[in-house]
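The values are calculated or read from the model by the stated rules, or taken from the named source; none is laboratory data. Treat the numbers as computed from the prediction; the structure is a model and nothing was measured. FYI the Cβ positions are ideal-geometry reconstructions off the backbone, even for glycines, and counts take in every protein chain you see. These accessible areas exclude ligands, DNA and RNA; they are computed on the full protein's heavy atoms, side chains included. Shrake-Rupley method; radii C 1.70, N 1.55, O 1.52, S 1.80 Å.
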Amino acid sequence: MNTSTKKEPATQKVKIGSYRWTICALLFFATTINYLDRQIIGLLKPALEQQFNWTESDYGSIVMAFTASYALGMVIFGRIIDKIGSKLGYSISIIVWSVAAMAHAAARSTFGFGVARAALGLGEAGNFPAAIKTVAEWFPKKERALATGVFNSGANVGAVVAPIMVPAILGAYGWEEAFIITGAIGFIWLVFWLIFYEIPAKQKRLGKVEYEYIHSDNEDAAVEENPKPMRWGRLLVVRQTWTFILGKFMTDPIWYFFLFWLPSYFSTTFNLDLSKPSMPLVIVYTATTVGSIGGGFLSSYFIRRGWPVFRARKTTMFIIALLVMPIMAARYATDIWVAVGLISLAAAAHQAWSANIFTTVSDMFPKRAVSSVVGIGGMAGSLGGALFPLFIGWLLDYYKGMGNIIAGYNIIFTICGCAYVAAWLVMHFLSPRMKQVEI
């Protein structure tokens, strides 16, 4: 983009409805579709358990197939997107995951579902490396956490829509059609992405004032058009990379539990009928939308108040970590709505954490390294997410055999409550001031 051709006066204000928020809206809808496609199996679990005679360990293995493949895909897409750019990289990602989502309808065995979930995980892994890189390209640092919180709230909207949409499709048509219909939505999004997206340097719809505002952090805009090849060896020897890796490894598994086991928890513990729209799940995932945007807003608010970026992020993440801890009291809940309240707070706090931990990557690394670091850290989070379901499946089968599956969930809630404070301490020790890496 030749910014000298822009006609707007330099004094023009950058409006909230400027083009960068159109881009953020595209990221929001992609993330919504991403989580709709991955959430569906948790809602269909009771029906599929009956049809295919799954044990909790069988289901844990299927979840592990997704998360292990998602971990591999994070590294693959992180590198690919830094090389070919966010537009083409995102397009490839959503094509792969949409086809894989629809392919679940053809599965007729536990192994078949595992293969379909692995393919889905591989494709869906491209969403966050592409989205975080896009935010770094289109937003200055003071807005990145908010923009990340807004698009990340799509994860929660997808999780809210799923408990309403999926049972309706299941009741009217069957589980196969539920996979086909939800999987096909990604191709609709792809059309809009190809029409509206370009990096700021090439976007003809972008005005000069907004272009200059996007680059107001004095980062080199020329990198957008001529990024240098990435060197992973350099990334893996700096503390900032390991700060993100360990933060994701310790907290991502908790979100996988919220996604894949909460429907079963409510069904087992409180006899919730998952063949009907599930209001407790809708409330939990609606709360996460508030948490995602609120978490992004809070750190951005501190920065606007003049706080250093690292202090704003660290303070926000510490507050969030404390908000997860009350979930440990869920073991004492005898009323479903008490459990819903405690779990809603923890799930909302996770998404607030997610909005900020992703933004720390663009705080600590130049734009040309963002997707690679997000991919490496995302792989670590997914590896944790692959191991945790195996533990959950074993634990719940053990206590189910003893006739007390609720005791298994109580142990899991205790782990959830401690994970974020532990992760915050590790991240703070590794990168106290979150200095930017020169690569």
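Mean projection of the alpha-carbon convex hull of the chain over all orientations, in nm²?
Across all orientations, the chain yields a mean hull projection of 19.6 nm².
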Exercise. Relative to the longest principal axis of the chain, what angle (0 to 90°, nearest 10) does the C-alpha long axis of helix 86-103 take?
Worked result: 20
Problem set entry | Peptides ranked, highest mean first, by Cβ atoms within 10 Å: ranges 163-174, 354-365 | 354-365, 163-174
Problem set entry | Loop-resident sites, region 39-138, for trypsin sites (Lys or Arg not before Pro), counting at most 14 other Cβ within 10 Å (DSSP) | 108
Exercise. Which distance in Å, rounded to a whole number, links the C-alpha centroids of region 92-122 and region 161-215?
Worked result: 19
For this session: Given the options 67, 268, 243, state which has the largest fluctuation in a GNM of the chain using a 10 Å cut-off (strictly under) for Cα springs.
Result: 268
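What FRET efficiency comes out for the pair residue 239/residue 172, r = Cβ-Cβ distance, R0 = 60 Å, nearest 0.05? Provide the component values of the computation, followed by the final result.
On the way: r = 53 Å, r/R0 = 0.89.
In this case the efficiency is close to 0.65.
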For this session: Over the chain, with every protein chain in place, what whole percent of the accessible area is carbon and sulfur at 1.4 Å, could you tell me?
Result: 66
For this session: Place a label point 7 angstrom from the Cα of residue 84 along the Cα-to-Cβ direction, then list the residues of region 374-389 whose backbone nitrogen is under 13 Å away.
Result: none
Problem set entry | Choice from 373, 150, 309 with maximal GNM fluctuation in the chain (Cα, 10 Å cutoff) | 309
For this session: Treating only the Cβ atoms of Lys and Arg (+1) and Asp and Glu (-1) as charged, compute the dipole magnitude of region 16-81 about its Cα centre; round to the nearest 20 debye.
Result: 380
Exercise. Hey, which of these cross-link pairs are over 19 Å Cα-Cα: 142/367; 248/314; 83/314; 87/202?
Worked result: 83/314
For this session: Considering the options 364, 181, 379, tell which one lies farthest towards the positive end of the dipole of the chain, charges being +1 on Lys and Arg and -1 on Asp and Glu at the Cβ, about the Cα centre.
Result: 364
Problem set entry | Solvent-accessible area per residue, Å², over the chain with all protein chains present [probe radius 1.4 Å] | 38
Exercise. Along the Cα-to-C-beta direction of residue 400, a point sits 7 Å from the Cα; which residues of region 267-302 have their amide N less than 13 Å from that point?
Worked result: 267-269
For this session: On a 0 to 90° scale, report how tilted helix 309-324 is relative to the longest principal axis of the chain, with both axes built from alpha carbons and the result rounded to the nearest 10.
Result: 10
Exercise. Packing-wise, with mean Cβ within 10 Å as the measure, how do 287-297, 185-195 rank, highest first?
Worked result: 287-297, 185-195
For this session: Could you state the angle between the C-alpha long axis of helix 370-401 and the longest principal axis of the C-alpha atoms of the chain, as a value from 0 to 90 degrees rounded to the nearest 10?
Result: 10
Exercise. Which residue, 352, 105, 369, tops the fluctuation ranking in a GNM of the chain built on C-alpha contacts under 10 Å?
Worked result: 105
Exercise. Using only the Cα atoms of region 115-188, what do you get for the radius of gyration and for Dmax, in Å?
Worked result: 15.6, 47
Exercise. Roughly how many Å is it from the Cα centre of region 321-336 to that of region 48-63, as a whole number?
Worked result: 27
Exercise. About its Cα centre, what dipole magnitude does the chain give when the only charges are +1 on Lys and Arg Cβ and -1 on Asp and Glu Cβ, stated in debye to the nearest 20?
Worked result: 1480
For this session: May I ask for the distance between the Cα centers of region 251-281 and region 391-410, given as a whole number of Å?
Result: 15
Exercise. What number, rounded to the nearest 500 deg cm²/dmol, is the helix-based mean residue ellipticity at 222 nm of the chain, given -39500 (n - 2.57) per DSSP H run of at least four residues and division by all its residues?
Worked result: -26500 deg cm²/dmol
Exercise. Just going by the charge dipole of the chain, with Lys and Arg at +1 and Asp and Glu at -1 on Cβ, which of 81, 412, 169 is farthest out on the positive end?
Worked result: 81
Problem set entry | Nearest-10 value in Å² for the accessible area of residue 273, using the 1.4 Å probe | 70
Problem set entry | Cα-centred dipole magnitude for region 101-209, charges only on beta-carbon of K, R (+1) and D, E (-1), debye, nearest 20 | 580
